[in-house]
């Protein structure tokens with residue numbers, strides 16, 4: 001399946017906030033293991049408790065929770081980093097322990113591709129690569145300003161859901177991401193203003 005007009009809904013969490021064995025549900029890397037439940041239908045209570053405790057014990061530092069100022073700064077820097085590399089960002093939000101974005105990583109017009117090559121921006125357009133750049137820039141900005149400890153703020157990788165059609169695009173861009181304001185997220189939106 002190809003994303004509609006190359007739009008992708010990206011998601012991710014802060015470091016240490018969604019571990020193997022989490023009671024909200026979890027996925028193994030590249031789905032190598034079958035895991036019961038997900039965040040909408042959590043696994044039976046206690047099913048993965050030992051695994052979750054082991055995951056927590058292996059952490060070398062505490063998980064990261066972002067303050068309001070850190071959320072605002074991380075959202076701003078991540079959007080700027082993506083736009084610098086000519087990824088088109090419609091909506092983006094950063095909450096206390098996770099983020100969401102509605103982003104077009106692969107331009108659909110030849111002029112943007114020409115500009116990307118001319119300005120020597122990232123030729124690798126994979127969402128995981130460009131989100132990695134955005135997360136790195138945000139983490140550096142947060143530690144420079146004393147809003148987070150050095151050593152990384154976000155978990156590795158990112159979730160990617162292809163936008164299926166215009167209705168799906170409108171739901172994610174005009175409802176799902178902006179609704180994160182109610183949960184205390186900092187939101188950037190071209191559809192509703194920043």
> If r is the Cβ-Cβ distance from residue 136 to residue 96 and R0 is 22 Å, what FRET efficiency results, to the nearest 0.05?
Replying inline: 0.65
> Of 93, 158, how do they rank once you tally other Cβ atoms within 10 Å and put the fewest first?
Replying inline: 158, 93
> How long is the gain from residue 60 to residue 121 if the chain were fully straight, where each residue apart is worth 0.36 nm and the alpha carbon distance is subtracted?
Replying inline: 18.5 nm
> residue 5 to residue 110: extension gain in nm, 0.36 nm per residue of separation minus the Cα-Cα distance?
Replying inline: 36.4 nm
>> At 0.36 nm per residue, and after removing the present C-alpha to C-alpha distance, how many nm does the segment from residue 149 to residue 164 gain when stretched out fully?
In response: 1.6 nm
>> Based on alpha-carbon centroids, what's the gap between region 64-132 and region 135-191 in Å, whole number please?
In response: 9
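Read-outs throughout are calculated quantities, based only on the coordinates presented, and are distinct from any laboratory measurement. Everything quoted here is computed from the prediction, not taken from an experiment. We place every Cβ from the backbone using ideal geometry, glycine too, and count neighbours over all the protein chains shown.
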